[in-house]
Amino acid sequence: MNEDGTGLLTIGELARLTGVPVKTIRGWSDRDLLPPAARTPAGYRLYGPDAPARLEIVRSLRELGIGLAAIRSVLHRTCTVAETAAQWADALDAQIRTLRLRSAVLRSVAARGSAAEELPYMTELARLSARERRLIITDFVEDALDGVDAPAYRSGLLAATPDLPDDPTPEQIGAWLELAALVREPELRTALRRLAEYSARTAGAAGEPDAPGESHAPGESQTGEPDAMGEPPAPGEPPAPGAPDATSEPPAPRETRTSTRPPDPSAQEQAVIRVAELMRVRGEAAVAAGIAPDSPAAEPVLAELVAAWLPTQTGTADPPTEDGPAARARLLEQLETAAEPVVERYWQLLCTVTGRPAPPRWDTAGTWTTAALRAHPRPYELDRSAFDGTDPEQVLRAYEAVTRDVAALVAAVRPTDLALPTPCAGWTVRQLLDHMVWENLMATSIAEGAPRTDHTADHLGDDHRTAFADSVRAARTAFTGSGMLHRTYGPYEAPGAMIVQQVVVELLAHGWDLARATGAPTGLAPEAAEETLAAARRIYGAAPRTAGSSLAPERPAPPGAGATDRLAAFLGRDPA
C-alpha cells in the first residue's frame, strides 16, 4: 500500500493480496472490469480499497465460465447477477448436452466396434431432430408392413415414436443409435411383418370394428401400440395402476356373448396386460419351483392361465369360449407368433429412448408356457389308476435300496469328475448331483407341509458327498415321521407313497446317469429296479414326449438288459 496515506494499491500489491497474477489483473483492467482509481506520476496504475472485493467478483464469475462482456454488464449494473447467471446456466446446459452427445457417440462406437466409415452416420443420427427421428421409424414401419391389411397394428407401431427428452442421458442417446441401426436389419422387418400378417389373418369377422377385432398374443397390445400407460406391446408388460394384481385369482371363463355390442377396447387392452403379467408370474414361479412343463403338476397352472386368457379373445374371429384343444391350440399359436426376440429388443430400446420402464423379460415364462401347451394340448383328465398299487412299505424299502447304491456312486465321485458331461443333456456331474439333492429336499419339504421354491439355488455346496447323505437322511426321516406314506397331497389328492415312488424313479434314473458319466456299473439296486420300472410305466406311461418335454422318446433296450438299463431306455436314455 502506498505510503502517501491514500489507501491506494499498486498492481503488484493487489496481486499479492488476492493471489491473482499481475498479467491477469492488467488484462481485466484493460477490459474495463477493474478500472484503476488513479495513476502515479510515472503512469502506473493504482487501485482503490474496493478493488480486492471487485476482483473476487470477477474471478468467481470467470471460474463459473461467464464471459468478460457479461461480467462487465454486471459490474456496470446494466444486467443483474441473477439475469447473467440464468443466461450462462442455459448456455452451459447446451454445452453439457453437446458433450453428452459426443460422449454417447464415442461410447457407442467403442461398444459396437464401429468402423471409421460409420462415424459420420452415427454422429448425424445423434443430431437429428424429433421430426427426423420419427420419419426414420415411420418409413421403416410403412416399408415393413407394405401390403399387409392390419391398419390397427400399423397405427399402433407408428404411434410409438422415439422421442428423446430435452436433456437425454448417454444411455438414451446410445439406445437411439442402436435402434436406428436395428430398423435397418432385415430380421426385424421380417418379424414385424409376420406379426402384422398374423394380426390381419386372425382379425374379427367382417362388420366388426377393427381395433377390438385385432387378434393379439398375451402381452401384445391389440393394436400394436403402447398401452394406456404408454408402455410398448411387448410380452410381459406390467399391469396398469388400479388394475387387479397379477397374483390375484384369475377371472372365470366367460360364457358365450349374447350381446352384439363390441367389447370396450380400453377394457380389452387392460385385460390383455393383466393376463400377460399373470402368465409371466406363474411361468417364472413354475420354473423356480422345478415344475416340468409336461408334468401333471403343470396342468393346474396351465388351466388357470387359459381361463384368464379366454375373455381376451372376445371379438376375434371364432373366439373360443371354454378350455379345450381349440383354445389351447390358439393360445400356443399366439405365444409362438409373439416369440420374437428382435421385436422385444425393439420395444426395449424404445423404452430406453423415451425414458419409460422396460417391460419385464418374457423368455423364461414364455418358453415354459409354450412347452406346457404342447405337452398338454387338452385339459388334463386325471387317470387315478396311476395311484393304484402303491404299497407304502414296499416304496420305502425301494427308496432305501436305491439311495444305498446311489450314495455309493456319489461317494466315489472325485472333485475332478464334477465337470464331466452326463447323459442328461447340458448337465455336468455337479449339476446332476445338485438336482438329486434337490429331489430329496423337495420331497422332504412336501412331507413337512412347506414345499420349497429354491429350485435354482445351489444345494450341493463344497461337499457333494455330505450334501447327498444329509438329504437322504432328512427325506427318510420325513417320510416315516410325518405320515407322508399314508397321506394324500395336492388338488388331485395324490398318495404320498406315490410321490415317494416318483422320487425313487428319479434317483434310480439319475443314478444310472451318474454311473454312465463316471464309468461305473449301471446295475443299481437290483432288488428294487424291476418294481421301480413298473412304477415308472404306470406313472409316466401316458406322458407326452413332445418338444420341450422332460421325457425324450423311449429308446429300445438291448436284449438281456437289466431293469435299471430298461428304465433308462424307457425315460429316453440310450443304454446301448
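Residue pairs whose Cβ atoms lie under 7 Å apart, separated by 6 or more positions or on different chains, with the first residue in the range 461-472 and at positive phi and the second assigned to a helix (DSSP H, G or I), are GLY461/ALA467. Of all residues in the range 516-534, those satisfying the criterion of being surrounded by fewer than 22 Cβ atoms within 10 Å (Cβ to Cβ) and in a helix (DSSP H, G or I) are ARG516, ALA517, THR518, PRO526, GLU527, GLU530, GLU531, ALA534. Here is the figure for the range 414-442: residues that are touching a residue at least 60 places away in the same chain (Cβ under 8 Å), among the hydrophobic types (A, V, I, L, M, F, W, C) and within 17 Å of SER471 (Cα to Cα) total 5.
Taking (1) part of a helix (DSSP H, G or I); (2) closer than 12 Å to PRO377 by Cα in turn, ASP323 satisfies each apart from (1).
In the condition set (1) surrounded by 15 or more Cβ atoms within 10 Å (Cβ to Cβ); (2) at pLDDT below 90; (3) outside any helix (DSSP H, G or I); (4) aliphatic (A, V, I, L, M), ALA386 is compliant with all but (3). Looking across the range 418-433 at every residue that is over 28 Å from the mean Cα position of the chain (by Cα) and assigned to a helix (DSSP H, G or I), the one that is surrounded by the most Cβ atoms within 10 Å (Cβ to Cβ) is identified as LEU433.
Looking across the range 324-362, the residues that are surrounded by fewer than 19 Cβ atoms within 10 Å (Cβ to Cβ), out of contact with any helix residue (DSSP H, G or I) (no Cβ under 6 Å at 6 or more places or on another chain) and closer than 21 Å to PRO170 by Cβ come down to ARG345, GLN348, GLY355, ARG356, PRO357. Could you check, for the range 52-68, whether at least one of its residues is more than 60 Å from the chain's Cα centre (by Cα) and outside the structural domain of ALA89 (by TED's automatic domain parsing)? Yes, because at least one residue in the range 52-68 is more than 60 Å from the chain's Cα centre (by Cα) and outside the structural domain of ALA89 (by TED's automatic domain parsing).
Any residue at all in the range 460-467 that is within 30 Å of the chain's Cα centre (by Cα) and more than 20 Å from VAL504 (Cα to Cα)? Give the derivation first.
Our first condition is that a residue be within 30 Å of the chain's Cα centre (by Cα); within the range 460-467, this holds for 460-461.
Going one step further and asking which of them are more than 20 Å from VAL504 (Cα to Cα), we end up with 461.
Yes: one or more hits.
Scanning the range 455-491 for residues that are assigned to a loop (DSSP other than H, G, I, E, B) and charged (D, E, K, R), which turns out modelled with the lowest pLDDT?
Initial filter on the range 455-491 (assigned to a loop (DSSP other than H, G, I, E, B)): 455-463, 482-483, 487, 490-491.
Cutting the leftovers down to charged (D, E, K, R) gives us 458, 462-463, 487.
Details: ASP458: 94, ASP462: 94, ASP463: 96, ARG487: 89.
Top of the filtered list is ARG487.
Say whether the condition of being part of a loop (DSSP other than H, G, I, E, B) and of a type in the set (S, T, N, Q) is met by at least one residue in the range 148-166. Yes - at least one qualifying residue is present in the range 148-166. VAL429 falls short on exactly one of the conditions (1) in contact with a strand residue (DSSP E or B) (Cβ under 9 Å, 6 or more places away or on another chain); (2) closer than 16 Å to THR403 by Cβ, and that condition is (2). For the residues THR321, THR312, the requirement of being buried (at least 22 other Cβ atoms within 10 Å of the Cβ) and among the β-branched types (Val, Ile, Thr) singles out THR312.
Do we have LEU433 as among the hydrophobic types (A, V, I, L, M, F, W, C) and more than 19 Å from GLY496 (Cα to Cα) here? Break it down into steps so the answer makes sense when it comes.
Working: among the hydrophobic types (A, V, I, L, M, F, W, C): yes; more than 19 Å from GLY496 (Cα to Cα): yes.
Taking the combined requirement at face value, the residue satisfies it.
The values are calculated or read from the model by the stated rules, or taken from the named source; none is laboratory data. From a predicted model like this one, the values you see are computed outputs, not experimental measurements. Positions of Cβ are backbone-derived with ideal geometry, glycine not excepted, and every protein chain shown enters the neighbour counts.
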